[in-house]
1. Output the number of the condition that Thr319 fails; it satisfies all remaining conditions of (1) exposed (fewer than 15 other Cβ atoms within 10 Å of the Cβ); (2) in contact with a strand residue (DSSP E or B) (Cβ under 8 Å, 6 or more places away or on another chain).
2. I'm trying to understand the selection: among the residues of the stretch 241-293, which are surrounded by fewer than 22 Cβ atoms within 10 Å (Cβ to Cβ), touching a residue at least 60 places away in the same chain (Cβ under 8 Å) and touching a Lys or Arg at 6+ places or on another chain (Cβ under 6 Å)?
3. Go through (1) open to solvent by less than 10 Å² (accessible area, probe 1.4 Å); (2) in contact with a Gly (Cβ under 8 Å, 6 or more places away or on another chain); (3) acidic (Asp, Glu) one by one and return the number of the condition Asp116 breaks.
4. Given the condition on the phi < 0 side of the Ramachandran plot, open to solvent by less than 20 Å² (accessible area, probe 1.4 Å), outside any strand (DSSP E or B) and modelled with pLDDT of 95 or more, answer yes or no: does some residue in the stretch 206-216 qualify?
5. Go through (1) at pLDDT 75 or above; (2) open to solvent by 60 Å² or more (accessible area, probe 1.4 Å) for Thr618 and report which single condition fails.
6. List the strands (runs of 3 or more DSSP E) that sit entirely inside the stretch 370-448 and contain at least 1 residues that are of a type in the set (Lys, Arg) and open to solvent by less than 20 Å² (accessible area, probe 1.4 Å).
7. Which residues, counting only those in the stretch 293-316, are at pLDDT below 95 and either of a type in the set (Gly, Ala, Ser) or touching a strand residue (DSSP E or B) at 6+ places or on another chain (Cβ under 6 Å) (or both)?
8. Within the stretch 326-340, identify whether any single residue is touching a helix residue (DSSP H, G or I) at 6+ places or on another chain (Cβ under 9 Å) and within 25 Å of Arg451 (Cβ to Cβ), and answer yes or no.
Amino acid sequence: MERKKSLNLTTKLLLTCFLLLVLSLPPQINCQTFTSVFNPLNPLLNDTHSADYTGSAWVDYDGDGLLDIIVTGLGTNYIYHNDGGDNFSVPVGNPILTDIRTFRGVTCADYDNDGDPDCFLAGTNGSSLYRNDSGTFVRVADVDLGTTDTRGWSPCWGDFDDDGYIDLFITFPNGFVSGTTRSNRLLRNVGPPNYTFEVIDTTEATFVLAPYTSANWSDYDLDGDLDLFVASGPASNFVAPDYIYKNLLTENGAFGFEKITTGPFATDAADGQVFNMIDYDNDGDFDIHRTNWGAAAGPASRRNDLYRNDNGTYTEITTGNIVTDQFISLGALWEDFDNDGDIDCYVANTTVDNFYQNNNDGTFTSITAGSITTGVQVHTGATAGDYDNDGDIDIFAVGKNLDRSLFRNDTDNGNGWIRFNLEGVYSNRSAVGAIVRIKANIGGTDVWQMRDISTQNSFLGHSSLLVHFGLGDASTVDSVQIIWPSGIIFDTTGISINQLVTIVESCADADMDSVLDCFDNCVSDANPGQEDADSDGIGDVCDSCPNDPDNDSDTDSFCADVDNCPLVSNVDQLDTDNDGIGDACCCQKRGNVDNDPLQSIDIADLVALVDFMFSGGTTPGCPEQGDINDDSMQDVADLVYLVDFMFNSGPIPPACI
């Protein structure tokens, strides 16, 4: 009897020690499984190339619902068609395969707004633009790019002037490209009918010489225009600040770039490679991650950087493996790989890759088990996308010499997901620069997540343009909000999980004619289908208000009846504030209390609302603009809403058109 008690006690002690040991181990990724795909007949994995740095991008170029992949090379490029079931084939006769330039970077998006993704390949001895004609790529003449000198390293699409046509930025690594030395290229897409480009060389980003690496467009400050992040790795045992430019389009009404010289992400000396603007802590603003060429010795030894955005103030994160691991780091992928409701991070290094699981508390756990971090291949670039359409994000990594890896995500943890395919109408067709926010109840807590659509968020390439969210144990998506590059805000509720949802940009019926055409009725609604020579957001046909501009035989219906022109009064329609714009047209955005033409929400609106509510100030000319929470009243609740939005990252005021 005594022996049995002793045995039970011993067993309990052993179990206790075992549990303590388990609890003391670093947490492993919960049911996270990547399988390194091996198939000797798969050209994606077995083609050889000699490039030391190689770009790649997942893109469904033929519209069959499966992600294909494009890989750059030295003298040989690669395009692989997804045949399903981990099988890829090389399409016969595709011009991308026969272009013999020395390509490095790739970026894909629909530059001519015809419904299929086009591709630009940047090379050190010349670059090439390929127009997609229903699944067949056709090379566009260099002259259409506005310059014959298209040499470069990393290209990225982005609509920096918000005209509905994506423009192109190409980095030029001074000292690493043969031929005439110059700076970066900024090419503005002039739009229809030919979609040619013009060179913009009036900004510092295009005349300062530096060894630039990768660039990324992102509205990091959420003010409605795309800002420019350009990494610049000195690569000579030195570190130096990168080049960050704020777009002044929202502030000035015309694009222009101002170099940012404050904040650690802009002033810290680095050997920058890739910037990612991500909301890793789900607090509604963009944090910043940068990979660095973290050499093991010498002055150029900076580790990777993570800067937390605290309502516009950036705090450098200094603890945790994600910022203390030291490798030569290049590509980085930020995705919710385990679908638990927060984004994780994969980093491609020249020795061994890193995978950091988001712990949902501001910290990360370094995962060291599994094929994704134990392989012997050398990777420099990578791209993320769900190529097998099973609801989780897979990884293709490529590196120096012959190293290629396809990591299929075989996670089976029961977590839900949702994915969005956005189609711009008034914005660019690929919705590059759009911001998507969703809310779902995960683990009993309402969680907001946010993503943007980027075309250069890895080293020399980018991930799929489809927007993916993990949902954990959520049973539905409670809210979806899309902030389109045009400024149109779309909201919907109650979306089922585990599906791909296509959303086409639409807007309200501003002129109340029962046609949702956004036909330039209001000063802030640009019409991409109409010529706008002065780029003021009002089509040429409306700038001067001729007698019958719409040819409907009604000489006053276009200008006078629906106030298409802000400087022409409307005698037939109520105009409460006598600003020459009828009441039906004045209100575009709740929170723009002072009804300024840019429809901005700023401190002037807060002052106007306080003045109206407490000091007998001017009544908002458009009542809805003071009714910020959309409850048909103008009261203290609206003031609280506005303060919360402006200073505490509260919800964005809805549109009221």
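The values are calculated or read from the model by the stated rules, or taken from the named source; none is laboratory data. Note that the structure is predicted; figures quoted are calculated from it, not measured. For neighbour counting, all protein chains shown are included, and Cβ atoms are generated from backbone atoms with ideal geometry for every residue, glycine included. Heads up: the accessible areas ignore ligands, DNA and RNA and are worked out on the full protein's heavy atoms, side chains in. Shrake-Rupley method; radii C 1.70, N 1.55, O 1.52, S 1.80 Å.
1. The one condition Thr319 does not meet is (2).
2. Of everything in the stretch 241-293, nothing turns out to be surrounded by fewer than 22 Cβ atoms within 10 Å (Cβ to Cβ), touching a residue at least 60 places away in the same chain (Cβ under 8 Å) and touching a Lys or Arg at 6+ places or on another chain (Cβ under 6 Å).
3. So the condition that Asp116 fails would be (1).
4. Yes, the stretch 206-216 contains at least one residue that is on the phi < 0 side of the Ramachandran plot, open to solvent by less than 20 Å² (accessible area, probe 1.4 Å), outside any strand (DSSP E or B) and modelled with pLDDT of 95 or more.
5. Among (1) at pLDDT 75 or above; (2) open to solvent by 60 Å² or more (accessible area, probe 1.4 Å), Thr618 violates only (1).
6. So the answer is 404-409, 416-423.
7. Trp293, Gly294, Ala295, Ala296, Ala297, Gly298, Ala300, Ser301, Arg302, Gly312
8. Checking the stretch 326-340: not a single residue is touching a helix residue (DSSP H, G or I) at 6+ places or on another chain (Cβ under 9 Å) and within 25 Å of Arg451 (Cβ to Cβ).
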